[in-house]
1. Could you work out the local net charge near THR109, counting Lys and Arg as +1, Asp and Glu as -1, over the other residues with Cβ closer than 10 Å to its Cβ?
2. Would you be so kind as to identify which of HIS408, PRO183, ALA367 lies farthest towards the positive end of the dipole of the chain, taking Lys and Arg as +1 and Asp and Glu as -1 on Cβ and the Cα centre as origin?
3. All other residues with a Cβ under 12 Å from the Cβ of GLN24 taken together, and with Lys, Arg as +1 and Asp, Glu as -1, what is their net charge?
4. Translational D (Stokes-Einstein, µm²/s) of the range 1-143 at 25 °C and 0.890 mPa s when Rh comes from the Kirkwood sum over C-alpha pairs?
5. Build a GNM of the chain with springs between Cα atoms under 10 Å: which of THR247, THR312, THR327 gets the top mean-square fluctuation?
6. I'd like to compare 24-32, 159-167: which one has the highest average count of other Cβ atoms within 10 Å, and what's the full order after that?
7. Give the long-range amide H neighbours of VAL102: residues separated by 5 or more places, or on another chain, with amide H under 5 Å away, using H modelled in the peptide plane at 1.01 Å from N.
8. Taking 37 °C and 0.692 mPa s as the conditions, I'd like the Stokes-Einstein D for the chain in µm²/s, using the Kirkwood hydrodynamic radius from alpha carbon pairs.
Amino acid sequence: MSLIVQKYGGTSMGSVERIRNVAQRVAKWHAAGHQVVVVPSAMSGETNRLLGLAKEITPHPDSREQDMLAATGEQASSALLAMTLIAKGVPARSYTGWQVPVRTDSAFTKARIKSIDDERIRNDLDAGRVVIVTGFQGIDEEGNITTLGRGGSDTSAVAVAAAMKADECLIFTDVDGVYTTDPRVVPEARRMGVVSFEEMLELASLGSKILQIRSVEFAGKYQVPVRVLSSLTDPFIPLEEEMASGTLITFEEDHKMEAAVVSGIAFSRDEAKFTLRAVPDTPGVAYSILGPIAAANIDVDMILQNLSVQGTTDFSFTVNRNDADRTNELLSKQIGPAVGAGEIVYDSKVAKVSIVGIGMRSHAGVASTMFRALSQEGINIQMISTSEIKTSVIIDDKYMELAVRSLHKAFELDQDKTQSAG
Ligand code: ASP
Ligand code: MG
């Protein structure tokens, strides 16, 4: 008997028919003697619908009330799933985050999980029930309902799995695993049987939308084995087959011995690039520019400072596009005048393309292969940043898909080089 946490995304819960399918799959695991905790998302479109209503009321809804509202989506889908199971003769019970409770901090709309009390869940499991816990939400110290940020059900599921020391956390979604890149951009993209935790962390933070990044951080911190797999397969497929499908996020690097140097390519249009022209090139300038940005809680991603010409320099950096307006305001009203910058240029037509692979640690020349592939397509690189296991470039966003396709080819990601099965 194992303890399995299963998360089902919005598409998987998207209709009564789909919920029946989920119930069928859960019933199969339960009948095989496993303890199952299910963490569902809201039915697809529901969270958007609720947040849309809030925006119709007022452009800046009170964040406590927004969480109060958004959390209902998961309450509904969880109850529907429990009913479906009970109607099939499978004992089941659903709980909201606050009933468990899942304790979080008080950062409404982006709260972080602090602890999970598993007593109630354990009692139900011991009584033979399937337990359903709403994704995406918890309760703070003052008893307010909080939500974990968009896509937060992934994090709920991994956190529940960590708290309960589950044998595996299965993330059921509308794709059948993690791919070398988005198959909608590169049809030859391949599903990876395994991906290392560190690579997954980079891919999630660099634009892959498969898992909420915090869920990957949680998996890493508590060493939770996470598998991403499809909920759209036949729910009756044998358990062994199901457990061998999808992509396993692994903490062992052995399987990578023979693996490709680059494992995946991520991309994102969520970038905004700012340039301050003709900034005096004196000590402390970078701090004077980026200090106030950091103080406003805005994450700066890439930074580029040009060589000084006649004592001045151009200073560029990128932020998430969501923070572009605030950054622009800070630069034009406060920072620009304070450092004596010339023109301030805002470019939103940029994209970030990144290659990721733990093999990059031990192989030289990976970045140059990347730059060659881009130059052969005539794509200009505006900024570059590297870490041990990734290289990212900022390019004109109209070349993003071309860049991804040519890099996928240059690193032969359409060919399976891993030795191990998933
Ligand atoms: N329902 C929430 C959202 O749409 C949480 C989730 O689905 O993971 O973001
Ligand atoms: Mg999701």
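1. In short, +2.
2. Ranked along the dipole, the leading option is PRO183.
3. It works out to a net charge of +3.
4. The diffusion coefficient I find is 157 µm²/s.
5. Maximum among the listed residues: THR312.
6. Averaged packing, sorted descending, gives the order 159-167, 24-32.
7. Amide H neighbours of VAL102: ILE139.
8. 142 µm²/s
Read-outs: derived from the displayed coordinates by stated rules, not from any lab. Since the structure is predicted, the reported quantities are computational estimates derived from the model, not experimental observations. Note: ideal-geometry Cβ built from the backbone for every residue, glycine included; neighbour counts use all protein chains shown.
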